[in-house]
Amino acid sequence: MRVLVGDDEPDVALLLDTYLRRRGHQSRMAFSGEQALKLLEAEPFDLVLSDLRMPGMTGVQLHDRLEAQQHPAAARMAFVTGNAVEADNQAFLKRTGCLWLDKPFDAATFGAFLEQVQAKLQSGAAES
């Protein structure tokens, strides 16, 4: 699976990138919403893992921009965040149905989350 990891915290992005690569996935990192958008315009990804809150373009804004452009990646986004409890983020997650994982997390929890995301993506592909 080709995964784009978008997080403004380099340590978190590298951790996710390393985990994904060790499990046989291809991964690219973006350290801002703007950088993620440029990569999404240049190459296809099966999954976009993004932080909700980043300086500049947030993960929410990235999602909404992709959705407005009818970019297929909008339907293949999931979030790894420390800000899911905020009311506006809860409303966004409910509206979109995007899955999310709260920071901090351990490798086992991330692995289970990734399996959940993959199952959702596969069921979405079967519905298409």
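Every number in this text was worked out from the coordinates using simple rules, so none of it is lab data. Quantities reported herein were computed from a predicted structural model and do not represent experimental measurements. Here the Cβ positions follow ideal geometry from the backbone for every residue, glycine too, while neighbour counts run over all protein chains shown.
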Exercise for the section: Would you mind calculating the relative contact order of region 8-121 from Cα pairs under 8 angstrom and at least 6 residues apart, reporting the percent as a whole number? Expected result: 19 percent
Practice task
Can you tell me the FRET efficiency between ALA108 and GLU41 if r is taken as the Cβ-Cβ distance and R0 is 25 Å, rounded to the nearest 0.05?
Solution key: 0.15
Completion exercise
In the neighbourhood of VAL5 defined by beta carbon distances under 10 Å, the net charge of the other residues (Lys, Arg +1; Asp, Glu -1) is -2
Completion exercise
Projected area averaged over all directions for the convex hull of the alpha carbon atoms of region 1-58, nm², comes out at 3.4 nm²
Exercise for the section: For the chain, give the magnitude of the charge dipole about the Cα centre (Cβ charges: +1 Lys/Arg, -1 Asp/Glu; no others), in debye to the nearest 20. Expected result: 320 debye
Fill in the blank from the handout: Given Cβ charges of +1 for Lys and Arg and -1 for Asp and Glu, the option among ALA36, LEU93, PHE79 whose Cα lies farthest towards the positive end of the dipole of region 35-113 is LEU93
Problem - All lysines inside 17 Å of LYS103 as judged from Cα atoms, apart from same-chain residues fewer than 8 positions distant - result: none
